[in-house]
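For reference, the structure discussed in these notes is given below.
All of the numbers you see were taken from the coordinates with simple rules; none came from a lab. For clarity, every value in this text was computed on a predicted model and none was experimentally measured. Glycine gets a Cβ as well: all are built from the backbone with ideal geometry, and neighbour counts include every protein chain shown.
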Amino acid sequence: MKIKPKHIFFTLSASFLIYSFSIYITPLSIKEDLTFNKKLASEGRLVWQSYNCQSCHQLYSLGGYLGPDLTNIISNPNKGEKIVKAIVKSGTKQMPAFNLSDQEMKSLIEFLKSTDASGKADLRELNINQFGMIEKNEN
C-alpha cells in the first residue's frame, strides 16, 4: 500500500490545526500559589508608589540600586511574604522601617504577588541587536 502525498498533507494539516487550537484554548498557567486579588494588587501599586519604593528597589531590573530587585521575591524559597513583611516593619541597616497599616501591607504584598506571577525579566540577560530587537544574552 502506497501512501499518497495528499494523505500526508491532510494528516499534517489536521495535526497542526489540532495542536494550534490546543495552545490557544488552554489558558496560560500562573503558578498556583501565586494567585492574587487584582483590586488589592492595584491598591498595592499605589502603596509602592506613595512610599517611593522604586527609588531603592527594582522591578524587572528597573529602579533604584540600593535595595534588591523585588520582581520574584514572593516565590523565592528563602524569602517570601513573611520575610517581606518583617523587613518592611522592622527595616534594615539601609532601609528604614515603614509604619504601614494592615491594609497597606496586605495591598503591597498582593502587588508583589502580581509582579511575581507575571514572570521574570532580568534585563542583564537581554541585549538589543542591530535591528533594535531585544534578544536573550547567550553568555
- [ ] Using the charge dipole of the chain (Lys, Arg: +1 at Cβ; Asp, Glu: -1 at Cβ; taken about the Cα centre), state which of Thr11, Ile74, Ile87 has its Cα farthest towards the positive end.
- [x] Thr11
- [ ] Between Leu12 and Asp102, with labels modelled 7 Å along Cα→Cβ, what's the label distance in nm to one decimal, could you check?
- [x] 6.4 nm
Open item on the list: Helix-only mean residue ellipticity at 222 nm, the chain, DSSP H runs n ≥ 4 weighted -39,500 (n - 2.57), per residue, nearest 500. What is it?
Closed with: -14500 deg cm²/dmol
TODO: Quote the relative contact order of the chain in percent (integer), defining contacts as alpha-carbon pairs under 8 Å separated by 6+ residues.
DONE: 27 percent
TODO: Measure up Lys39/Lys120; Lys38/Lys106; Lys38/Lys79 against 18 Å on the Cα-Cα distance and list the ones that go over.
DONE: Lys39/Lys120; Lys38/Lys79
- [ ] Take the Cα atoms of the chain, build their convex hull, and give its volume per residue in Å³.
- [x] 213 Å³
TODO: Evaluate the distance, in nm, between pseudo-label points positioned 7 Å from the Cα of Gln49 and of Glu81 along their respective Cα→Cβ axes.
DONE: 2.5 nm
Open item on the list: Report the gain in length on full extension from Ile3 to Tyr65: 0.36 nm times residue separation, minus Cα-Cα distance, nm rounded to one decimal.
Closed with: 16.0 nm
Open item on the list: What does the charge count around Ser42 come to, taking other residues whose C-beta lies under 14 Å from its C-beta (Lys +1, Arg +1, Asp -1, Glu -1)?
Closed with: +2
- [ ] Determine Rg/Rh for the range 48-114; Rg is computed over alpha-carbon atoms and Rh is the Kirkwood hydrodynamic estimate from the same atoms.
- [x] 0.91
